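Participant: Before I ask anything, let me first share the structure, which is written out below as structure tokens.
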Amino acid sequence: MGRLVIVSNRLPVSVEKRKEKLYFARSIGGLATALGSFYKSQPSLWIGWPGIELEKIKGQERDIIAGLKPENCYPVFLRKEDVDDFYHGFCNITLWPLFHYFPQYVVYKEELWQAYHRVNEAFANVVAEAAEDGDVIWIQDYHFMLLPKLIRDRLPKAAVGFFLHIPFPSFEIFRLLPWRNQILEGLLGADLVGFHTYDYTWHFVNSVRNLLGYQVAMGQITTPDRIIKADVFPIGIDYENYANAAQNPEVQAEVSKFREKIGDRKIILSVDRLDYSKGIPNRLEGFSLFLEKHPEYREKIVFILVVGPSRITVEHYAQLKKRMEELVGEINGKHGIIGWMPIWYLHTPLSFHSVVALYNMADVCLVTPLRDGMNLVAKEYLSTKTDGKGVLILSETAGAAKELGEAVSINVNDVEEIAEALAAALAMPEEEQRERNRAMQQRIRLYSVGRWADDFINSLLNTRKIQDELGAKKLDAESGNKIVSDYQKSQRRLILLDYDGTLVPFASTPEEARPDSELIELLNKFSRDANNRVVLISGRNRSNLEEWFGGLDIALVAEHGAWVKEKGKDWEMIETLTGGWKNEVRPIMELSMNRIPGTFIEEKDFSLAWHYRQADPKISSLRAREIVNDLLNVTANYNLHVLEGSKVVEVKDARVTKGRAALRWISQQTWDFIVAIGDDSTDEDMFKVLPAAAWSIKVRFGMSVAKFTLDSPSEVRSLLKEMIGKS
Ligand code: GDG
């Protein structure tokens with residue numbers, strides 16, 4: 001691997017300008033601190049905004065580039081208008097509320113979307129210029145969801161990873177976004193897309209399936225030309241840094257200072273940036289109720305509420321600040337007495353040492369987001385608790401709740417529960433505190449931020465390997481020649497061919513995909529050679545195959561293997577089958593057929609298929625996902641298979657497969673040449689039963705057990721012509 005190129009909204013170094021002079025300062029907190037040591041441990045480059053608008057530093061760009069160089073940082077300059085419409089705009093008033101389940105706060109504005117696009121383009125240009133062959137590009141967060149594709153367009157061979165630090169919402173929320181498809185297509189430019197939890201990953205792949213119709217299996221998304229992986233990487237923290245900081249003299253000085261003010265009162269602590277997703281009012285209401293229900297704690301506790309200033313120009317943040325301050329005032333007014341205020345409210349950024357000192361002293365840490373991608377405060381708090389004491393109260397809607405199962409879990413909308421959790425936490429025996437924390441600390445220590453980054457990059461490189469292996473499968477000239485010469489040299493040949501999508505391209509209706517005279521002649525040529533056994537293995541019904549190929553001297557398989565017809569003999573059923581289940585399946589398909597114009601049902605002896613090739617692609621592909629779910633429910637009690645083909649959903653008896661049909665011929669005698677060619681998932685069953693020496697070819701790109709791929713039916717025909725031409 002070459003260098004690691006990290007792309008994030010802010011650089012780890014910020015530029016400030018005072019009296020015409022430039023100053024370079026380390027950005028505190030956030031991703032910069034988290035990834036700091038990882039990116040320094042290897043050759044790397046960090047691309048991002050230096051935190052100052054272009055208008056303010058016009059003419060000094062070169063100085064900034066030079067000043068950032070020793071830190072391996074490279075700036076993308078943004079004008080004030082871009083910062084406003086991109087960062088304060090589309091990022092923070094469109095994407096942020098939507099992805100945190102606040103659809104009522106979302107602003108949908110075309111000009112903000114344009115700015116998002118513009119800034120993503122600007123970043124793509126800088127990345128394309130700075131990146132070199134072999135570099136690994138790792139894009140961070142919701143600011144850059146278009147960037148993976150924009151980079152892929154410019155650097156088709158680059159290894160590109162994307163990590164989302166905030167939740168990916170459920171499909172029903174995500175679909176509200178007018179630019180939803182562009183966002184998904186943008187993300188799919190990456191090779192690996194990472195999330196904090198399994199739920200977010202599932203929401204993402206579900207949206208990809210529903211909106212773009214791509215096949216998804218085990219977190220692998222197959223687009224027409226690539227495979228992309230979506231996976232879970234819960235971010236960690238630098239555990240040792242927090243654990244060791246507790247012994248730091250500066251931290252200890254802070255502890256003594258605070259202790260002097262607080263005395264021996266117990267401390268409840270919360271630390272967040274001001275944000276409506278953090279559930280601050282709910283937390284305050286829970287605390288107020290706790291004081292009412294547990295007067296015994298009056299004067300014996302303090303609640304230190306640290307709220308970092310943030311996004312105050314946005315209307316909803318200003319409203320939240322007002323509401324929060326009213327609540328603090330009300331609670332202190334109602335429960336406080338001279339010499340004791342229950343809430344100590346700090347609306348100012350604190351130093352790292354002060355934050356660690358507070359974590360270290362706090363008996364209870366109250367983390368109550370309504371939604372949070374992960375929440376690092378919960379992990380940081382536990383890491384400073386080297387004596388094992390302290391209780392974490394954690395909302396179940398924080399990503400961290402998936403890993404920190406031993407915390408006191410709350411539903412943040414249940415004010416009573418918050419109040420009771422506080423009482424339980426303050427009364428929790430020390431032994432229980434230690435026991436709960438031990439398990440969580442071990443996990444946080446093991447899965448540190450360095451490990452998180454390592455895992456992500458390794459998984460990205462691994463995905464590239466899988467893609468390379470698939471790419472290598474394309475039948476090249478050398479293998480093409482080998483297949484032709486193998487064919488020529490052999491005497492007992494079995495040729496297994498699928499029809500639709502393999503020998504002919506798809507047409508609007510199944511009837512239109514008739515074989516042309518060239519194909520009939522080609523098949524005739526093969527069948528005239530007494531050394532060949534040609535079997536056409538199709539999903540089509542008997543009469544169709546009979547009408548088109550009945551006159552040829554080849555074997556036919558209809559309905560994916562339900563019916564077989566040997567050369568010159570009658571059709572026979574491969575197994576005793578019944579179609580009684582159709583009465584339950586048909587109404588579900590009829591419902592879709594009646595609702596969506598252009599779709600129709602094809603009834604075969606032992607299967608039913610709903611075709612939607614001619615229907616509105618957006619509506620019908622959405623309905624196709626729904627119908628599959630409905631059908632899976634109904635078919636659970638039968639031995640049935642629900643197949644998703646190309647613009648068709650089909651239900652058939654699970655005992656019927658092309659593999660079973662193919663075995664009938666494979667086991668008939670010893671063959672010295674076998675080739676099987678097919679294009680969809682039903683053909684995979686055929687590929688799976690082939691002997692090791694057989695040739696197998698999948699038409700079109702996609703995951704397959706076949707040894708090779710060809711791009712189209714016309715490539716298949718060219719190969720067949722070459723084989724027959726030389727024999
Ligand atoms: C995203 C996701 C996800 C806070 N106040 C002060 C201060 N902090 C530090 C904390 C902690 C960080 O800020 C906040 O952590 P979050 O987890 O809330 O992270 P965000 O940066 O808001 O955002 C989030 C995260 O990315 C990582 O993937 O967990 O869900 O929204 O480190 O300690 N630090 C100092 N003074 C303060 O006053 N020094």
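The values are calculated or read from the model by the stated rules, or taken from the named source; none is laboratory data. All values derive from a computational prediction rather than experimental measurement. Here the Cβ is made from the backbone with ideal geometry for all residues, glycine too, and neighbour counts use every protein chain on show. With ligands, DNA and RNA removed, areas are computed over all heavy atoms of the protein, side chains included. Shrake-Rupley method; radii C 1.70, N 1.55, O 1.52, S 1.80 Å.
Participant: Testing P309 on (1) within 30 Å of Q442 (Cβ to Cβ); (2) modelled with pLDDT under 95; (3) within 12 Å of the ligand (Cβ to nearest atom), one condition comes back false. Which one is that?
Facilitator: The number of the failed condition is (1).
Participant: So which strands (runs of 3 or more DSSP E) are wholly in the range 176-241 and hold at least 2 residues that are within 16 Å of the ligand (Cβ to nearest atom)?
Facilitator: Details: elements: 192-195, 215-217, 220-222, 227-232.
Where strands (runs of 3 or more DSSP E) fall fully within the range 176-241 and carry at least 2 residues being within 16 Å of the ligand (Cβ to nearest atom), they are 192-195, 227-232.
Participant: Among the listed residues N594, N532, identify the single one that is surrounded by fewer than 17 Cβ atoms within 10 Å (Cβ to Cβ) and polar (S, T, N, Q). So that I can check it myself, show each step before the final result.
Facilitator: Details: N532 fails: surrounded by fewer than 17 Cβ atoms within 10 Å (Cβ to Cβ).
Among N594, N532, only N594 is surrounded by fewer than 17 Cβ atoms within 10 Å (Cβ to Cβ) and polar (S, T, N, Q).
Participant: While we're looking at this one, here's another question. Within the range 658-708, which residues are open to solvent by less than 30 Å² (accessible area, probe 1.4 Å), assigned to a loop (DSSP other than H, G, I, E, B) and of a type in the set (S, T, N, Q)?
Facilitator: Residue satisfying the conditions is S704 alone.
Participant: Picking from V364, V412, which residue would you name as being more than 29 Å from the chain's Cα centre (by Cα) and surrounded by 20 or more Cβ atoms within 10 Å (Cβ to Cβ)? Walk me through how you get there before you give the answer.
Facilitator: Details: V412 fails: more than 29 Å from the chain's Cα centre (by Cα).
The match here is V364.
Participant: Does the range 325-335 contain any residue that is within 16 Å of the ligand (Cβ to nearest atom), outside any strand (DSSP E or B) and under 23 Å from R265 (Cα atoms)? Quick ask: steps written out before the conclusion?
Facilitator: First, pick out the residues of the range 325-335 that are within 16 Å of the ligand (Cβ to nearest atom): none.
No, the range 325-335 contains no residue that is within 16 Å of the ligand (Cβ to nearest atom), outside any strand (DSSP E or B) and under 23 Å from R265 (Cα atoms).
Participant: What residue, among those in the range 121-175 that are open to solvent by less than 10 Å² (accessible area, probe 1.4 Å), of a type in the set (F, W, Y) and away from the ligand (no atom under 16 Å from the Cβ), is farthest from D454 (Cα to Cα)?
Facilitator: Checked the range 121-175; the qualifying residue farthest from D454 (Cα to Cα) is F174.
Participant: Just need a number here: residues in the range 547-559 that are within 15 Å of D498 (Cα to Cα) and open to solvent by 10 Å² or more (accessible area, probe 1.4 Å).
Facilitator: Filtering the range 547-559 down to residues within 15 Å of D498 (Cα to Cα) leaves 548-549, 554-559.
Adding the requirement that they be open to solvent by 10 Å² or more (accessible area, probe 1.4 Å) leaves 548.
Number of matching residues: 1.
Participant: Another question about this same structure. Give just the number: which of (1) crowded, with 22+ Cβ neighbours inside 10 Å; (2) within 16 Å of the ligand (Cβ to nearest atom); (3) in a helix (DSSP H, G or I); (4) not polar (S, T, N, Q) does P97 not satisfy?
Facilitator: (1)
Participant: Being away from the ligand (no atom under 16 Å from the Cβ), in a loop (DSSP other than H, G, I, E, B) and surrounded by 13 or more Cβ atoms within 10 Å (Cβ to Cβ): is that true of E417 here? Step through it out loud before you land on a result.
Facilitator: Numbers: away from the ligand (no atom under 16 Å from the Cβ): yes; in a loop (DSSP other than H, G, I, E, B): no; surrounded by 13 or more Cβ atoms within 10 Å (Cβ to Cβ): yes.
Spelling it out, it is not the case that E417 is away from the ligand (no atom under 16 Å from the Cβ), in a loop (DSSP other than H, G, I, E, B) and surrounded by 13 or more Cβ atoms within 10 Å (Cβ to Cβ).
Participant: To continue, here is another question. I'm told E511 meets every condition in (1) at pLDDT 95 or above; (2) over 37 Å from the mean Cα position of the chain (by Cα) except one. Can you identify the failing condition by its number?
Facilitator: Unmet for E511, out of (1) at pLDDT 95 or above; (2) over 37 Å from the mean Cα position of the chain (by Cα): (1).
Participant: Condition first: over 26 Å from R664 (Cβ atoms) and not charged (D, E, K, R). Now tell me which residues in the range 555-598 satisfy that.
Facilitator: Filtering the range 555-598 for residues over 26 Å from R664 (Cβ atoms) gives 583-598.
N583, V585, P587, I588, M589, L591, S592, M593, N594, I596, P597, G598, listed by residue number.
Participant: Determine which single condition L269 fails, assuming it passes every other condition in (1) within 16 Å of the ligand (Cβ to nearest atom); (2) open to solvent by less than 60 Å² (accessible area, probe 1.4 Å); (3) of a type in the set (A, V, I, L, M); (4) touching a Lys or Arg at 6+ places or on another chain (Cβ under 8 Å).
Facilitator: If we test L269 against (1) within 16 Å of the ligand (Cβ to nearest atom); (2) open to solvent by less than 60 Å² (accessible area, probe 1.4 Å); (3) of a type in the set (A, V, I, L, M); (4) touching a Lys or Arg at 6+ places or on another chain (Cβ under 8 Å), just (4) comes out false.
Participant: Go through the range 216-237 and give me each residue that's open to solvent by 40 Å² or more (accessible area, probe 1.4 Å) and out of contact with any helix residue (DSSP H, G or I) (no Cβ under 8 Å at 6 or more places or on another chain).
Facilitator: A217, M218, P224, D225
Participant: Can you pull out every residue in the range 630-654 that is closer than 14 Å to E575 by Cα and surrounded by 16 or more Cβ atoms within 10 Å (Cβ to Cβ)? Quick ask: steps written out before the conclusion?
Facilitator: The first filter runs over the range 630-654 and keeps only residues closer than 14 Å to E575 by Cα, leaving 639, 652-654.
Across the range 630-654, the qualifying residues are K652, D653.
Participant: Of everything in the range 376-400 that's surrounded by fewer than 23 Cβ atoms within 10 Å (Cβ to Cβ) and in a loop (DSSP other than H, G, I, E, B), which residue is nearest to the ligand (Cβ to nearest atom)?
Facilitator: T397
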